[in-house]
Amino acid sequence: MPKSIPISCENKPKNLSMGFMIFIVATGVYLFVDKLQRVFLDYATIYIVKSLQKTIQILFGFLFFLVPIILWPFTSELFEFNKMILVYLLTVPITAVWIIRMIYERKFIFRRTILDIPLLVFLGSQIISTIISIDPQTSWLGYYSRFNGGLFSIVCYILLYWAFTANIDIKGAKRLINTILWSATIVSVYGVLEHFGIDKSLWQQDVQSRVFSTLGQPNWLAAWLVALIPITWVNIIKSDFKSKSFWLSLFFSVLFFWTLIFTKSRSGLVGMAGAFIIFWGGYFWFNRRKIKTILAPTFSVGLSLLVICLISGTQFTPSLKSIIQPQKEEPVEVQASGTVLEVGGTESGTIRKIVWEGALEVWKHYPVFGTGVETFAYSYYLFRPVAHNLTTEWDFIYNKAHNEYLNYLANTGTVGILSYLTMIGFAIYLMGKNIFQKDRQGSYSSLISLAFVSGYTSILITNFFGFSVVPIQILFYLFPALSIVLASEELHDKEQKINVTPNQKLLGWLIIFVAGFLIIFICRYWYADTLYSNGANYNKVNRQDLSPEYLNRAINLEPNQSIYYAERSKAYTNLALAYNEAKQSTTASQLIEIAIEDSIKAVNLSPANVNLKRIEFGVFVMLSTIDQNYLLDARDVLVAAVTQAPTDAKLFYNLGLIYSRLGQNDLALQTLGKTVELKANYKDARLAYAILLIDAKRSPEAVTQLEYILTRIDPSDSVTKQYLESIK
């Protein structure tokens, strides 16, 4: 029998103790790592929460710096569209980060100001006006080619105001002011270089005569710079004469004003005068007992501006060179091919008065909430004064009233304009209150608020003669926000431990997801416009074989844009004509069907838009070369159009021609007679009217029309002379 193997009693306790030791060590390591992780996460969370506020400041820096500069040549509109898109793209993350900060800190981060209720009332008026708009699509997004002013843009500006006051501190506000000035410096340097011809070959406009830099129009550039110039004066006042800051600020002031001169904007100079009087008047008043201390900055600024005026001259004053060496005015040669009114152009003030009259008529017929946000391009045609037909811009599209206040009056009615003016009044009161703080008079915050009031007033002045664009709107809404922040006490929040729960993290990721979705949606909108621009450009160069490819893709991305369908209908119409000429009738018929469907779709999406009916009319007229019956459709479109534009001479002229082609001569005579009543100097209409009168055996009346052309419109017109001689 084998011996049993002895079992050591000493080994068992040893193994057990080893396992216990391993368990103890593992548990300790786990607890240590867990504690380390918790501490790390706590500090990481605190860091993240602090970084959120910093992130908002950085995003605002991008807003102030990039919006005035950005432009893109491959979109349908180079300037405003891309600036508006950038505002959308930056408002979304600013708002998202602000909300995430509130979620993580478990508190409602919002600085209450006296401007909050006026902003909400104004926003409410715009929402109601959009809901009852004659064209809701336009009211939401803004008139296509202007974009700024739609409800979405107003929501963005108001959100930016609240986000700024809630998240930006004094140091951040000062950095952002410097960011604005450096952006304006780049814009101004480019404007000066424009004056000396750096890009004169790129533009159809005479950009050397009136610069517009990266803002797209001289008056817009002037209005934006004038609003910023008083800020440079604050830095001049607060800097020592020998310091770099003094001379840099003086350089900014000179550069901005010099660029303003090169815009040749009368409204800009009037705004500049208003800003100058308010700023230096206020500065003198507060320092009336310290005259010696205020002479140096006043003299420096005044002398520098005077020197620029003497060197370059202004719209109201001559240059020193022209005074010393006056040039003889050369006689202007009148071109025989142009009408009397086309030579030299109608004075802009005259046209503005006519447009303002039309805006008032719109308001009288829609007095409460107007016709809808940004619908002036449609409503103006209903009440367009007959006098507009006698200007050189008689066939231009006026999508703004060229007066911001009348624009709001016509688009949003009495409620809209009163809420807008109330908002302005509270904004001025808010900034003015910061000027008169007794314990801060003469301080930086007091002077900068004075600069904001001066710049804000200049915006109000330039808006009276024009309308706001994206860079100006940013200043309009954020000048009060800057004043609030700079006039407030510096906040020093105590560092506190913040535990972010899984639910908070989930909410944070949800906000990020929603923000990402909105950004993708905005990018789709921008990309669709680039495709539309490509398609429209191919249409212009008669490459209709390539145009539909881009327009189809644009419509797939944005199926509710009426102008996309209108542009595609033109492309398919031209293709149909080409295939019909090539004797491919089946393909031509298919294209005709699509072209008509697109033109009808465009009108149905935006029935108040008269210009879409013009395109639809053009489609039917072109198709009438294939089938004369399409003239009946063209006639019906114009009949509908003239009810929406009862004073549009060109519509009546085209309708008269259609009646004539259809053999409805009585209606043709009646319509062309109406046309020359609306526009007495309409040569083509009078000639067509005279020809129809000749055909109707009404020669004396025809002679009257022909003689009117030769005596009052175009004395050298050979065709008119031939018809007159044939009658006699």
Note: among Leu215, Leu193, just one is surrounded by fewer than 24 Cβ atoms within 10 Å (Cβ to Cβ) and aliphatic (A, V, I, L, M), namely Leu193
When segment 604-626 is checked residue by residue, the ones that are assigned to a loop (DSSP other than H, G, I, E, B) and in contact with a helix residue (DSSP H, G or I) (Cβ under 6 Å, 6 or more places away or on another chain) are Ser606, Ala608, Asn609, Ser624, Ile626
Can you tell me which residue within segment 536-547, out of those that are within 20 Å of Phe617 (Cα to Cα) and in contact (Cβ under 8 Å) with a residue 12 or more places away in the chain, is surrounded by the fewest Cβ atoms within 10 Å (Cβ to Cβ)? Asn542
Leu202 vs. criteria at pLDDT below 90 and either surrounded by fewer than 21 Cβ atoms within 10 Å (Cβ to Cβ) or among the hydrophobic types (A, V, I, L, M, F, W, C) (or both): yes
Based on this model, can you work out whether Ile177 counts as touching a helix residue (DSSP H, G or I) at 6+ places or on another chain (Cβ under 8 Å), surrounded by fewer than 16 Cβ atoms within 10 Å (Cβ to Cβ), at pLDDT 95 or above and aliphatic (A, V, I, L, M)? no
Answer yes or no: is there a residue in segment 564-587 that is touching a residue at least 60 places away in the same chain (Cβ under 8 Å), β-branched (Val, Ile, Thr) and in a helix (DSSP H, G or I). no
Considering residues that are over 17 Å from Asn82 (Cβ atoms) and surrounded by 23 or more Cβ atoms within 10 Å (Cβ to Cβ), the number found within segment 136-150 is 2
Just checking, does segment 138-145 include any residue being in the same structural domain as Ser483 (by TED's automatic domain parsing), under 24 Å from Pro367 (Cβ atoms) and outside any helix (DSSP H, G or I)? yes
Residue check: is Arg112 crowded, with 16+ Cβ neighbours inside 10 Å and part of a loop (DSSP other than H, G, I, E, B)? no
Listed residues Val39, Val67; which is modelled with pLDDT of 95 or more and not hydroxyl-bearing (Ser, Thr, Tyr)? Val67
Conditions (1) out of contact with any Asp or Glu (no Cβ under 9 Å at 6 or more places or on another chain); (2) over 20 Å from Gln473 (Cβ atoms) -> Glu404 fails only (2)
All but one of (1) under 27 Å from Ala387 (Cα atoms); (2) loosely packed, with under 14 Cβ neighbours inside 10 Å hold for Lys679, so report the exception by its number. (2)
Given the structure, is Ala702 modelled with pLDDT of 95 or more, small (Gly, Ala, Ser) and part of a helix (DSSP H, G or I)? no
Filtering segment 267-303 for residues that are modelled with pLDDT of 85 or more and among the hydroxyl-bearing types (Ser, Thr, Tyr) leaves a count of 2
The one condition in (1) surrounded by 21 or more Cβ atoms within 10 Å (Cβ to Cβ); (2) basic (Lys, Arg); (3) assigned by TED's automatic domain parsing to the domain that holds Glu567 that Arg614 fails to fulfil: (1)
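The values are calculated or read from the model by the stated rules, or taken from the named source; none is laboratory data. This structure is a prediction, so every number in the text was calculated from the model and none was measured. Cβ: placed from backbone, ideal geometry, glycine included. Neighbour counts: every protein chain shown.
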